[in-house]
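Dumping the structure here so I can ask a few things about it.
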Amino acid sequence: MAINTNATERTRARYERIAPLYDCIETLAERRHRLWRKRLWSLVEDPRVLEVGVGTGKNMSYYPEGMEITAIDLTPGMLERARKRAKALNVSVDLRLGDVQALDFLDNRFDDAVATFVFCSAPDPLLGLQELERVVKPEGDTYER
Ligand SMILES: C[S@@+](CC[C@H](N)C(=O)[O-])C[C@H]1O[C@@H](n2cnc3c(N)ncnc32)[C@H](O)[C@@H]1O
């Protein structure tokens, strides 16, 4: 399946526009999401984890200690905020620009993958899920909300 580059560019442009406001817009909703994020990350036990669509890094407070976490996002403005959050929280995470529809990783690179509120905005969710299936080991888990 081919990537729809126009739709992907539109998604990137939309998140680039809202990146400066994203955390503010989400303040109320985040009150509900906090407990749920904590619960989700408590289920992740294997050490090598990929987070896709990391956004501004709202999951970082819940990353389990001692894991090797790589996190990607399509949008530079969102990723820039994630970098600031990682620094402020002193969280060790390898942050990269990337598209879940075409991941720049070898097959079976990760034990598990996590995505929160990403596949509602990714232009081709099926392509993204197929990519996660490729880069996560067959016995691994994908946690998605
Ligand atoms: C609604 S935000 C969610 C951010 C974060 N996961 C959270 O829980 O707050 C969606 C994020 O997915 C990213 N995104 C959308 N399409 C993507 C794609 N194809 N590949 C990687 N990230 C993508 C956007 O740039 C945005 O940062």
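Kindly check whether there is at least one residue in segment 101-116 that is closer than 18 Å to ASP23 by Cα and not acidic (Asp, Glu).
We begin by selecting, within segment 101-116, every residue closer than 18 Å to ASP23 by Cα; these are 115-116.
This time we only want the ones that are not acidic (Asp, Glu), so: 115-116.
Yes, there is a match, as at least one residue in segment 101-116 is closer than 18 Å to ASP23 by Cα and not acidic (Asp, Glu).
Are there any pairs with C-beta distances below 6 angstrom linking a residue in segment 25-39 that is in contact (Cβ under 8 Å) with a residue 12 or more places away in the chain to a residue that is part of a helix (DSSP H, G or I), with the two at least 6 apart or on different chains, and if so which?
Once the first residue is in contact (Cβ under 8 Å) with a residue 12 or more places away in the chain and sits in segment 25-39, its partners that are part of a helix (DSSP H, G or I) give ARG37/TYR62; LYS38/TYR62.
Which helices (runs of 4 or more DSSP H) sit wholly inside segment 22-105 and have at least 1 residues that are under 30 Å from ALA2 (Cβ atoms) and more than 9 Å from the ligand (Cβ to nearest atom)?
76-89
Scan segment 1-22 and report the pairs whose first residue is of a type in the set (Val, Ile, Thr) and whose second residue is more than 9 Å from the ligand (Cβ to nearest atom) and part of a helix (DSSP H, G or I), with Cβ atoms within less than 8 Å and a gap of 6+ or a chain change.
Here the result reads ILE18/ILE25, each pair linking segment 1-22 to a residue that is more than 9 Å from the ligand (Cβ to nearest atom) and part of a helix (DSSP H, G or I).
Here is a yes/no grid of residues against (1) surrounded by 14 or more Cβ atoms within 10 Å (Cβ to Cβ); (2) farther than 25 Å from ILE18 by Cβ; (3) of a type outside the set (Asp, Glu):
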{"residue": "LEU35", "(1), (2), (3)": "no, no, yes"}
{"residue": "TYR63", "(1), (2), (3)": "yes, no, yes"}
{"residue": "THR70", "(1), (2), (3)": "yes, no, yes"}
{"residue": "ARG81", "(1), (2), (3)": "yes, no, yes"}
{"residue": "ASP94", "(1), (2), (3)": "no, no, no"}
{"residue": "LEU97", "(1), (2), (3)": "no, no, yes"}
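Let me ask another. Those residues that are near the ligand (Cβ under 8 Å from one of its atoms) and either in contact (Cβ under 8 Å) with a residue 24 or more places away in the chain or over 14 Å from the mean Cα position of the chain (by Cα) (or both), I need them from segment 106-123; list them, please.
Passing the criteria: ALA115, THR116, PHE117, VAL118, SER121, ALA122, PRO123.
Laboratory data are not the source of any read-out in this text; all were calculated from the coordinates shown. Just so it is clear, the model here is predicted, and its values are computed rather than measured. Note that each Cβ is placed from the backbone with ideal geometry, even for glycine, and that neighbours are counted across all protein chains shown.
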